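Report on one structure; see the data block that follows.
The values are calculated or read from the model by the stated rules, or taken from the named source; none is laboratory data. Because the structure is predicted, anything quoted here is derived from the model rather than measured. Every residue, glycine as well, gets a Cβ built from its backbone with ideal geometry; the counts of neighbours run over all protein chains shown. With ligands, DNA and RNA removed, areas are computed over all heavy atoms of the protein, side chains included. Shrake-Rupley method; radii C 1.70, N 1.55, O 1.52, S 1.80 Å.
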There are 2 protein chains.
Amino acid sequence: MEIKEIKIQDLKPKEFIDQKIKEISSIVGDGLAINALSGGVDSSAVTMLGHKALGNRLKTYFIENGLMRQDEPQKIAALFDKLGVKVEIIDAQNEFFEALKGLTDPEEKREAITQTFYKKVFGRLVRASGAKYLLQGTILTDVDETVAGIKRQHNVFEQLGIDPQEAFGYKIIEPLVQIRKDGVRKVAEALGLPEAIYNRMPFPGPALAARIIGEVTPEKINIVRKATTIVEYELQNTKAFQYMAILHEDRVPGMRDGKRDFGLQIEIRCWDSVDARVAKPTRLPYELLDKLAKRMTTEVPGVVSVTYNIASKPPSTMEAV
Amino acid sequence: MEIKEIKIQDLKPKEFIDQKIKEISSIVGDGLAINALSGGVDSSAVTMLGHKALGNRLKTYFIENGLMRQDEPQKIAALFDKLGVKVEIIDAQNEFFEALKGLTDPEEKREAITQTFYKKVFGRLVRASGAKYLLQGTILTDVDETVAGIKRQHNVFEQLGIDPQEAFGYKIIEPLVQIRKDGVRKVAEALGLPEAIYNRMPFPGPALAARIIGEVTPEKINIVRKATTIVEYELQNTKAFQYMAILHEDRVPGMRDGKRDFGLQIEIRCWDSVDARVAKPTRLPYELLDKLAKRMTTEVPGVVSVTYNIASKPPSTMEAV
């Protein structure tokens, strides 16, 4: 079935919202729906649309996978609580770290997180809830990239570990599939979400696991989480499209107390982009780069070296894993 | 024995040269001396001093270890040929690559190169030559760093595989040991060496092997050699103290023809420094960083990502291996 794109210049957020609320209500009827909120703009917009359409017949979960930024689950749950939306946090950290143990290949890491999310944690929640309707924040760019072979195609039922027989009656609702990130931001704003959400920087599905080259461990997540807090604080006023800290696996020499000391390297990326399809490194002032490097090497344990990405996308990608 | 430093403000290059020529002549007498020329300012100055003192009783070798920059052995030999100094190039590439096979630890890599250089290749040349006098380009900073534990102490006879009994009569001559890099540059200029030599950027002993994180192979040397040619060309007018391209072992994703493609990352470092004891990243214009990144990703096979070092020394070191 072909998806009819609603271009940004044709998008009327209020009308779009009214129509999507009607659609969701009419599909779900007096049934139950479920969704997973990550705190990104897509899943936040879907949560609000579902909440407006279904009230407490929508059950929203935040899966704490241990790979999130500092205090992220609590911050997001508190934010939605203020908007009258109850979010339940599911602590699944051990399951995710268990699944990631020993994996170094980026695709295997992504796959382990996807499998743990869908088949184990969210799949279990869906089955336990009795809900037959799933709300998902798929946007048109996700569909494009699946077709282009950049992302892998997902059959959501299969991912949930629900077999076709058992799946009879299950339905996926994707209210954002006709729009792109810029459209979602307008819709999120019109839905009454705060600017911290509707202007929120893109953040990868595998979260901080996508910011670690090599094996993901709780210790390394802790290191890259500290580096992420610094980068997000220092670059918050740059108006860049996205910025990130990446923990490399390569060890590099440093000096501590006049002696050679092999340590860690953090790579910082900061992107200028309109829609993530092409991107250029932001030309940050050197004073700021210098401050970032100093904070990384003094505040993040083990870091002796800091680099700044200077390659564009393409041929680089925005994330490093 | 304490070494009496000649400070840069007290150094009179012509007098220093005359005195060192006399010293070398009086030590060697009518014997034979031997030295290894790398093309760096220290070994170049020593070669000229030795040549002026001993003429053709100094035998100068350039060890082609396969780890040099593009056309380096031929360029250096030709340059000295013009100055009337005959340099013999010894092709030992296979011995070095054989010794480096499978090694990933930076210290083990350095050790393998040192051992191959001294015990195997240069040791063999010393014994075959019958020379009992070795000229070495040790400078005062090398001595300081050995004492401070940054570099390892070297017993040159041991390194050459010459045992104390057999070694009776062997003598090491270190004409530059009272001065530092800035002094050597003045001496090299006064010796009539061209600016390309006396203002030559420092280059590490393990050559391009010090610019590869992880195992050193002929293929990787080829990649980092191309990257080095680009960096040295583009940054030649910056007046920076030192600049370099480093090939990382970490693989990062890139895009080629719209598809995901895991590729290589090159890190560029460019340093402002007076004497290498402390150093800061040069604040290169972004236009130049952009050009470097473009050339790396289009001209160096497999490179999809380029970074620029933004950390200072300390806690970083200048080299990355």
In the range B:293-320, the residues that are more than 7 Å from every other protein chain (Cβ to nearest Cβ) and buried (at least 24 other Cβ atoms within 10 Å of the Cβ): B:Met296, B:Val303
Restricting to the range B:238-261, count the residues that are in contact (Cβ under 8 Å) with a residue 60 or more places away in the chain and surrounded by 21 or more Cβ atoms within 10 Å (Cβ to Cβ). 2
Scan A:Thr217, A:Thr229 and give me the residue that is over 16 Å from A:Asn65 (Cα atoms), over 15 Å from the mean Cα position of the chain (by Cα) and of a type in the set (S, T, N, Q). A:Thr229
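Table: residues versus (1) among the charged types (D, E, K, R); (2) under 26 Å from A:Gly214 (Cα atoms).
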{"residue": "B:Gly214", "(1), (2)": "no, yes"}
{"residue": "B:Glu249", "(1), (2)": "yes, yes"}
{"residue": "B:Lys259", "(1), (2)": "yes, yes"}
{"residue": "B:Gln265", "(1), (2)": "no, yes"}
{"residue": "B:Val274", "(1), (2)": "no, no"}
Can you name every residue in the range A:98-113 that is β-branched (Val, Ile, Thr) and either surrounded by 15 or more Cβ atoms within 10 Å (Cβ to Cβ) or away from chain B (no Cβ under 14 Å) (or both)? A:Ile113
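Among B:Phe62, B:Phe16, which is the only one that is of a type in the set (A, V, I, L, M, F, W, C) and out of contact with any Asp or Glu (no Cβ under 9 Å at 6 or more places or on another chain)? Talk me through it step by step, then tell me what you get.
Numbers: B:Phe62 fails: out of contact with any Asp or Glu (no Cβ under 9 Å at 6 or more places or on another chain).
Only one candidate passes the filter, namely B:Phe16.
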Quick count over the range B:184-217, residues being small (Gly, Ala, Ser) and not in a loop (DSSP other than H, G, I, E, B), is 6
Check the range B:135-143 and report whether any residue there is in a strand (DSSP E or B) and more than 14 Å from chain A (Cβ to nearest Cβ). yes
Applying the selection to the range A:275-287, what residues are more than 8 Å from chain B (Cβ to nearest Cβ), over 23 Å from the mean Cα position of the chain (by Cα) and surrounded by fewer than 17 Cβ atoms within 10 Å (Cβ to Cβ)? A:Pro285, A:Glu287
When (1) open to solvent by less than 70 Å² (accessible area, probe 1.4 Å); (2) within 23 Å of B:Phe80 (Cα to Cα); (3) touching a residue at least 12 places away in the same chain (Cβ under 8 Å) are applied to B:Ile27, the one that fails is (2)
Is it the case, given these coordinates, that B:Asp272 is over 24 Å from B:Asp144 (Cα atoms), more than 7 Å from chain A (Cβ to nearest Cβ) and open to solvent by 20 Å² or more (accessible area, probe 1.4 Å)? no
Counted residues in the range B:210-237 being without any contact (Cβ under 8 Å) to a residue 60 or more places away in the chain and open to solvent by 40 Å² or more (accessible area, probe 1.4 Å) come to 6
